[in-house]
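To keep things clear, I will list the structure first and then write my remarks on it.
Bear in mind these aren't lab numbers, they're just calculated from the coordinates by the rules spelled out. Predicted model only: the values in this text are computed from it and were never measured. Neighbour counts are summed over all protein chains in view; Cβ atoms, including those assigned to glycine, are modelled from backbone coordinates with ideal geometry.
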Amino acid sequence: MGVFKWPLFFVFLWFKVQGFDGSCVVIPCSYNYPEPGKQITGRTGIWHTKTNDVIYHKDNNQIKQEFKGRTELVGDITQKNCSLKINPLRQSDRGPFYFRIELGGYNQYSYRNNEVSITFISAPQPTVSVKEEVVEGQTVSASCSVSHSCPSSPPEFTWTHSGEKRFQSQQLTDGQWKATSVLTFKATKADHNKRLSCTVRYKGGLMREQASNVLKVKCNVCALWSPVLPAWSILCFLTESYQAPRQRDMALIPLRLCTLNLDLLSSSSVWQTTRWAKSASHSL
Ligand SMILES: *[C@@H]1O[C@H](CO)[C@@H](O)[C@H](O)[C@H]1NC(C)=O
């Protein structure tokens, strides 16, 4: 047995990993061990408790009954990756847990100085974000995000609105992942004054729901306007209601676009011909 010196000999893991009952957790772990000069006959990664109860071993018979079938070494041990998955997580799985490496025909070592505990939290509430003010016909993109601890079975997202859904996953630092569902759709009149709602269903069945702020869908009203004939010009207004603005209100609506913006003009849902001076009716 050689003389082991820090930092040749370490295990890197998070001190605390968060999870909740019924979900799963992956404890990120990597270890180092000075390579022996001679051939080893294999590597065995073991996880155990303070009292040396085995919670993971490749030989299932060695695992303590209450952990059987629930633990898996998801890391590649030959790549010095000792990440452990516990699935499903139980309230009693608080730890502390320790990693142990056995190099066949050579040596074995328990990383007793490094322990990991599991903190139980309540299932997080998703956050929904969307641009609140949109123009009818424009593409709206809303996102719903939540952090979780189970990369192999991320939460499932359901939206109250139809549209195209994309899923993104990002690893955070502390054994947590961030899952995001992005929903894109074209805003219509029907979306005006409504909320978008996103439901996440975690592994284990827990559900959490969150609604966005109220959407304000503006309607683009363009008018041909002639203050002094024959000089016609085009004015566009964004209005929240689906009525063209009445003449006396027109002056009160902020003018968003006086220049010809073809994009906006083509997406205009209401066209109106009016003469500023004496227009008969502005209702549609
Ligand atoms: C270890 O393995 C896990 C599970 O496959 C993976 O998510 C993680 O990125 C790996 N870590 C390193 C440092 O390669």
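Taking θ as phi - 60° and the Karplus parameters 6.51, -1.76 and 1.60, the scalar couplings of the stretch 193-200 work out to 6, 9, 10, 9, 10, 10, 10, 10 Hz in sequence order, x denoting glycine and proline. Between Val214 and Asp21, the simple spin-label model (points 7 angstrom out along Cα→Cβ) gives 3.8 nm. Taking the three principal axes of the alpha carbon atoms in the stretch 32-148, the coordinate ranges are 71, 35, 25 Å, sorted in descending order. Taking a straight line from the alpha carbon of Lys16, these aspartates and glutamates sit under 13 Å away, with near neighbours fewer than eight places off in the same chain left out: Asp93, Glu115, Asp174. Ignoring lysines fewer than eight residues from Lys186 along the same chain, the ones with Cα atoms less than 23 angstrom from its Cα are Lys131, Lys165, Lys194, Lys216, Lys218.
Among Ser143, Ser197, a tally of other beta-carbon atoms within 10 Å of each Cβ gives an order, fewest to most, of Ser197, Ser143. Fully extending the segment from Glu156 to Gln168 would add 3.2 nm, taking 0.36 nm per residue of separation and subtracting the current Cα-Cα distance. Spacing of the modelled spin labels on Phe120 and Asn193, each 7 Å from Cα toward Cβ, amounts to 4.5 nm.
At a Förster radius of 25 Å, what calculated FRET efficiency corresponds to the Cβ-Cβ distance of Thr41 and Asn113, to the nearest 0.05? It would help to have the intermediate numbers written out before the result.
Numbers: r = 27 Å, r/R0 = 1.07.
For Thr41 and Asn113, the calculated efficiency is 0.40.
Over the stretch 11-120, what relative contact order in percent results from Cα pairs under 8 Å that are six or more residues apart? Please list the in-between numbers first.
Numbers: 236 pairs, mean separation 40.8, N = 110.
Dividing the mean separation by the residue count of the stretch 11-120 yields 37 percent.
The packing ranking, built from the mean of other Cβ atoms within 10 Å per residue, places the peptides 127-134, 68-75 in the order 68-75, 127-134, highest first. Remark: the stretch 127-214 carries a charge dipole of roughly 160 debye about the Cα centre, counting +1 on each Lys and Arg Cβ and -1 on each Asp and Glu Cβ. Annotation: extensible slack from Glu72 through Thr127 equals 16.7 nm (criterion: 0.36 nm per residue apart, minus Cα-Cα distance).
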